[in-house]
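The values are calculated or read from the model by the stated rules, or taken from the named source; none is laboratory data. These numbers come from a predicted model, not from an experiment. Cβ atoms come from the backbone with ideal geometry, glycine included; neighbour counts cover every protein chain shown. The protein model used for the area step is the full one, side chains on, heavy atoms only, and it has no ligands, DNA or RNA in it. Shrake-Rupley method; radii C 1.70, N 1.55, O 1.52, S 1.80 Å.
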Amino acid sequence: VEARQQLDLPNEEKIMLYVGNVIRAKGLLELVEAFDSLKMSLPDSRLYIVGSQKDDAFVGELRAFIQENDVEDIFFKEPLGQADLALWMAASDTLVLPSHHEGFGLVALEAMAAGTTVVGTDVGGLSYLLKDGAGFLVEPEDPASLATGLWNALEGDSAAIDENVVRERVEMNSFKTILDNLLSIYRSAGKGRVARNE
C-alpha cells in the first residue's frame, strides 16, 4: 500500500509489471494478448512495461497491435534505477516474464526478494528459479497459458506459492551466498596448488 501511495497508483487495481528490453524475444506480443483476454474478467487491471525500447520496428508493431485490438490500461515506462524498480516491484501484484528464452532471470529473483509473485515462461533460468512453487511457470509463446498463469497469480490459490521455497531460492542466489561459494572454490583450488608444489 505504501509503495502504491508513493507511485500514485490505485490500491484496488491489479497491477502487472514487465521489466526488460522491449523486443520480440521477450514475448511481449503474447503478453498483450494474454492481458487482453484477462481484462474481461479483471477489468480493474493494469500492465506496466518497463524497459529500453531499442528496436523501433518492434515497438511500433507492439503499439499497433495494442491499438488494433483496443487493449486499454497498458503503460510504457523508461528503464528505472534500482531504488525505483524495487518500489515498482513492491507496488505490483505480479511480475511477468514471458520470454521465449532467458538467461538467469535476475529480475525474477529481485521480484521474489521483494515479495512479488512471479509468472514466467518455463525456459532457461526461469525454469529453475520458479519451480517447486516459487512462482508460476507457463508455456513459452502461448498467450492462453500465460493468461492462466497470470490469473492464478492474481486470483487463484495463494497457497500455490511456497514462501519457504521462495526464501530458499532467494537466499541460495544472494550475492553473499554466491561470493561465499566462489571463495570456497578458490580456497580449495589454492590448497590443491600448494599440495602439488610441495
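A few notes on this one:
- Cross-chain or 6+ apart pairs with Cβ under 6 Å, region 155-168 first and within 9 Å of residue 133 (Cβ to Cβ) and open to solvent by less than 100 Å² (accessible area, probe 1.4 Å), then of a type in the set (A, V, I, L, M, F, W, C) and not in a loop (DSSP other than H, G, I, E, B): 166/112
- Scope region 131-153; condition assigned to a loop (DSSP other than H, G, I, E, B), in contact (Cβ under 8 Å) with a residue 60 or more places away in the chain and open to solvent by 70 Å² or more (accessible area, probe 1.4 Å); matching residues: 141
- Residue count, region 103-126 (criterion: touching a strand residue (DSSP E or B) at 6+ places or on another chain (Cβ under 7 Å) and either of a type outside the set (S, T, N, Q) or without any contact (Cβ under 8 Å) to a residue 40 or more places away in the chain (or both)): 10
- Some residue of region 46-66 being in contact with a Lys or Arg (Cβ under 6 Å, 6 or more places away or on another chain), of a type in the set (Val, Ile, Thr) and within 27 Å of residue 109 (Cβ to Cβ): yes
- Condition met for residue 60 (within 20 Å of the chain's Cα centre (by Cα) and free of Cβ contacts under 8 Å to residues at least 60 places away in the same chain): no
- Complete set of residues in region 96-126 that are open to solvent by 30 Å² or more (accessible area, probe 1.4 Å) and over 10 Å from the mean Cα position of the chain (by Cα): 100, 101, 102, 103, 104, 113, 114, 115, 122, 124
- In region 63-75, residue surrounded by the fewest Cβ atoms within 10 Å (Cβ to Cβ) [restricted to those that are touching a residue at least 12 places away in the same chain (Cβ under 8 Å) and under 16 Å from residue 45 (Cβ atoms)]: 75
- Inter-residue pairs, beta-carbon under 6 Å, first open to solvent by 50 Å² or more (accessible area, probe 1.4 Å) and in region 20-36, second in a loop (DSSP other than H, G, I, E, B), 6+ apart: 21/51; 21/52; 23/55; 36/69; 36/71
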